[in-house]
Structure formats: structure tokens, C-alpha cells
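Worksheet: one structure, shown below.
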Amino acid sequence: MQQYDVIILGAGAAGLMCAARSGKRDLRVAVLEKTDKPGKKILISGGGRCNFTNVNAGPGNFISTNPHFAKSALARYSPHDFIELVDGYGIAWHEKALGQLFCDGSAKQIVQLLLDECPDNVDVICEAEVTAVVREGDTFAVSASGASYAAPSLVIATGGPSIPKMGASGFAYDLGRQFGLKVIEPRPALVPLTLGGENVLFRELSGVSAPVTARAGTGKSKASFNEAALFTHRGLSGPAILQISSYWRSGEEVGIAFLPHHAPDWLLELKRENPRASIRSGLREHLPDRLADALAQRIGIEVELGNVPDKALRAAAAKLADWRFTPNGTEGFAKAEVTIGGIATSDLSSQTMEAKSVPGLYAIGEAVDVTGWLGGYNFQWAWASGVAAGEALTAQ
């Protein structure tokens with residue numbers, strides 16, 4: 001039995017950040033990773049360049065049963081704190097739209113930074129698949145790939161089940177339940193939506209993309225995003241769709257404004273300026289031809305605008321401003337970037353990430369019911385929650 005002060009399950013973004021912080025406080029730390037290398041999700045993120053944070057990250061960019069839970073950790077470790085760390089390692093980066101920060105080079109630089117931040121008293125052990133966790137008195141005993149480890153503190157940082165080909169699973173939830181923690185039902189988030197029924201005709205537009213405003217959700221869970229939507233052979237994707245997928249629930253509609261910056265009476269204005277124009281030609285001025293043609297065909301007004309009553313044109317413009325789709329599902333955890341749901345925040349301290357009913361047990365990162373928007377927000381939660389736990393851990 002190898003003795004440590006802290007055992008961290010999972011060498012992803014949150015786990016490595018927690019290991020670095022707790023290791024620098026002279027705690028002896030074991031990080032157990034079931035795959036063959038640390039940071040696998042980091043390596044594929046951002047097209048291999050790692051969208052490592054977002055300068056705009058704040059509590060309002062996260063979804064949780066308790067929207068206030070993330071405030072403390074995010075306030076104590078901000079995007080600028082991580083940027084300072086990246087700059088300290090001389091890693092070049094650039095800002096893309098909407099405050100997203102990426103490495104100029106490779107995501108490997110972020111993984112190496114996290115490993116370099118871990119002092120010699122941190123052991124990162126790969127190919128260590130956990131087979132049993134028990135609590136014996138004040139000690140957690142972990143069996144993993146034939147070896148045994150013991151520590152007074154255990155950190156669950158194994159993420160959620162999104163992208164299973166990278167080794168992701170629902171292990172964190174099983175472990176949480178084992179120790180009496182509630183789990184908010186997990187579901188895929190930041191995931192493409194699939195279309196069926198009468199909407200299946202839009203699949204013929206596979207590969208076509210356009211800037212839109214996409215809306216989904218109801219009540220306090222309602223959201224809209226101004227980004228690109230992409231038609232696929234299975235349905236809808238692109239940044240705007242991935243964003244609203246986190247708010248969409250099965251059976252609900254999503255609304256898309258195909259010309260979000262047009263005035264409601266733009267077709268009437270076009271009719272006055274050019275009565276011989278058609279809806280099809282008007283759409284083609286602003287949208288890809290294939291999309292313009294498909295929308296015009298479905299609206300069903302093929303004659304010149306001068307021959308169309310104003311009422312009909314207002315109705316057509318209103319439909320284009322809020323085109324309704326009813327997805328028949330998502331592409332599931334296999335294509336989801338993250339998971340919504342997880343270990344309930346009501347069972348954790350927002351200051352330390354420690355379980356209220358199980359001293360010494362912590363949960364961080366995607367394992368927790370805190371999910372960020374697309375664009376670096378989930379990494380910021382990983383860093384912030386990892387730091388919160390790392391600063392709170394003790395040798396006991």
C-alpha cells in the first residue's frame with residue numbers, strides 16, 4: 001500500500017491543476033490516470049491548439065442546478081490568472097472571436113505546463129485504472145491496475161462521459177453515489193442536434209453554414225446565441241447549435257433567425273426598391289445559394305415581390321426570423337464536448353469542492369454539475385475548481 005496525502009483520480013485539466021496546487025503546498029500527491037497519457041482531452045481541444053480559457057468567463061456563462069455555486073471558485077481564480085501562468089511559460093497565444101484564447105502552437109504546451117507545475121512530490125501514474133475505492137476510518141484506499149494507494153483525501157476529477165473514445169465514462173457519478181452524493185442526471189452538452197420527420201429535408205444542405213441567431217430552452221433556462229449554424233447529414237451543428245444544445249430538452253423546439261440583423265419589414269423594403277425581385281433572390285444576397293433556395297422553396301412564394309401582398313411578406317419575414325425545428329435527438333455523448341449534470345453542487349462546498357457529508361472527499365471539473373458555454377469556459381472551470389480544491393487540501 002503506497003501512502004500519500006492526496007489521491008487525485010484523473011489526469012485531465014482539473015486533476016492536473018489540483019495536483020500542481022496541492023503539490024506546491026508540500027503534500028504528497030498521486031494522480032491516477034486510466035489512459036496511457038495525461039491530458040488527452042486537452043490535446044484534442046481547439047483543433048489541437050487548446051482553447052484554454054475565455055477572457056469573458058464569469059458565473060453567467062455556466063449552467064448548473066445552482067447557478068451561484070461557481071461564483072466563489074471563478075472569482076478566486078480568473079482567466080487572467082491562467083493567462084499569467086501561460087505567459088510565465090512563454091507560451092504564445094492569440095484571441096479569437098468572443099474572447100476565446102488559443103495557443104499559437106500546440107495544446108501539448110498546456111499539458112506540459114501543467115506537468116511542469118507539479119513538483120517532485122506529485123506522482124502522475126498512467127494506465128492506472130481504478131477497480132475499487134473504500135474508506136477505512138479516515139483513509140481512502142484505492143486499488144488500481146494491481147497496485148494499492150491510500151490517503152486521507154480523495155479528489156474525483158475523472159470528468160463526465162462525453163467523448164468516450166478518449167477514455168471518458170460515468171465513473172465519477174458511480175463513485176459519488178457510492179459515498180452518498182446526489183447526481184444530477186447527466187446528458188450530452190455542446191453536441192450536434194439531429195433532425196427527422198419533415199425537417200429531414202434540410203439534411204440535403206449538408207456542409208452549408210451561415211451566421212444565425214439560435215434559440216432554445218424555456219423560462220429561466222432560455223438562451224440565444226449569435227454564431228454560425230452548420231447543416232449536416234444528420235441535422236444541425238456549428239457553434240450556435242452546440243451552444244443551444246446545452247439548453248435544449250427532448251421534445252422542445254429550437255428557433256433560428258436566418259437573417260438576424262435584418263429589420264422585420266425587410267421584404268417590404270425590398271419590394272418597394274425592386275418589385276421584380278423574389279424572396280429567393282433576396283435571400284441569395286445574404287445567404288449561401290443552397291440555403292437561400294431551400295428556405296424560399298419551403299416558404300412557397302416563388303412569384304415577384306410586386307405580386308405578393310404585404311401581409312404575406314410580413315409572415316415570410318417572421319418565419320425567417322424564427323424558423324422552428326424540432327430535433328429528434330442529439331448525436332449523444334460520442335460527439336458531445338462536455339456533459340451537463342453530474343455530482344450535485346448541493347452536496348459540495350463552493351469554497352473548497354469538498355463533500356459536506358464525507359470529509360476528505362472532493363469533486364472538481366466536469367465531474368460536478370457545472371457546465372460552461374463553448375469557447376474556453378469549461379477549461380476555466382477546470383482551472384478554478386482545481387485551484388479551489390488544491391488550496392483546501394491538507395495532510396490531515
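The residue of segment 153-177 that is surrounded by the most Cβ atoms within 10 Å (Cβ to Cβ), among those that are touching a residue at least 12 places away in the same chain (Cβ under 8 Å) and in a helix (DSSP H, G or I), is 172.
If you go through segment 59-78 and keep only what is within 18 Å of residue 219 (Cβ to Cβ) and surrounded by 18 or more Cβ atoms within 10 Å (Cβ to Cβ), you end up with 62, 63, 64. Selection of segment 267-281 for residues being assigned to a helix (DSSP H, G or I), more than 23 Å from residue 199 (Cα to Cα) and open to solvent by less than 40 Å² (accessible area, probe 1.4 Å) yields 267, 268, 270. Scanning segment 110-152 for residues that are crowded, with 16+ Cβ neighbours inside 10 Å, without any contact (Cβ under 8 Å) to a residue 40 or more places away in the chain and part of a helix (DSSP H, G or I) yields one hit, 113.
The set of residues in segment 13-36 that are assigned to a loop (DSSP other than H, G, I, E, B) and touching a Cys at 6+ places or on another chain (Cβ under 9 Å) comprises 24, 33, 34, 35, 36.
Residue-by-condition table, conditions (1) open to solvent by less than 70 Å² (accessible area, probe 1.4 Å); (2) without any contact (Cβ under 8 Å) to a residue 60 or more places away in the chain; (3) part of a helix (DSSP H, G or I); (4) of a type in the set (S, T, N, Q):
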{"residue": "264", "(1), (2), (3), (4)": "no, yes, no, no"}
{"residue": "286", "(1), (2), (3), (4)": "no, yes, no, no"}
{"residue": "303", "(1), (2), (3), (4)": "no, yes, no, no"}
{"residue": "313", "(1), (2), (3), (4)": "yes, yes, yes, no"}
{"residue": "319", "(1), (2), (3), (4)": "no, yes, yes, no"}
{"residue": "324", "(1), (2), (3), (4)": "no, no, no, no"}
{"residue": "336", "(1), (2), (3), (4)": "yes, no, no, no"}
{"residue": "352", "(1), (2), (3), (4)": "yes, yes, no, yes"}
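Candidates are the residues of segment 1-43 that are in contact with a strand residue (DSSP E or B) (Cβ under 9 Å, 6 or more places away or on another chain) and acidic (Asp, Glu); the one that is surrounded by the most Cβ atoms within 10 Å (Cβ to Cβ) is 33. The criterion of being modelled with pLDDT under 95 and either open to solvent by 30 Å² or more (accessible area, probe 1.4 Å) or out of contact with any Cys (no Cβ under 6 Å at 6 or more places or on another chain) (or both) does not hold for residue 105.
So that you can scan it fast, the table gives a plain yes or no per residue for (1) within 15 Å of residue 330 (Cβ to Cβ); (2) open to solvent by 70 Å² or more (accessible area, probe 1.4 Å):
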site	(1), (2)
220	no, yes
223	no, no
235	yes, no
241	yes, no
245	yes, no
249	yes, yes
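Do we have residue 375 as open to solvent by less than 10 Å² (accessible area, probe 1.4 Å), under 15 Å from residue 41 (Cα atoms), touching a residue at least 60 places away in the same chain (Cβ under 8 Å) and touching a helix residue (DSSP H, G or I) at 6+ places or on another chain (Cβ under 9 Å) here? Yes.
Just so you know, in segment 354-375 the residues that are among the hydroxyl-bearing types (Ser, Thr, Tyr) and not in a loop (DSSP other than H, G, I, E, B) include one that is nearest to the chain's Cα centre (by Cα), and it is 371.
The values are calculated or read from the model by the stated rules, or taken from the named source; none is laboratory data. This one's a predicted model, so the numbers in the text were calculated from it and none came from an experiment. All Cβ positions, even for glycine, are placed from backbone atoms using ideal geometry, and neighbour counts span all protein chains on display. Heads up: the accessible areas ignore ligands, DNA and RNA and are worked out on the full protein's heavy atoms, side chains in. Shrake-Rupley method; radii C 1.70, N 1.55, O 1.52, S 1.80 Å.
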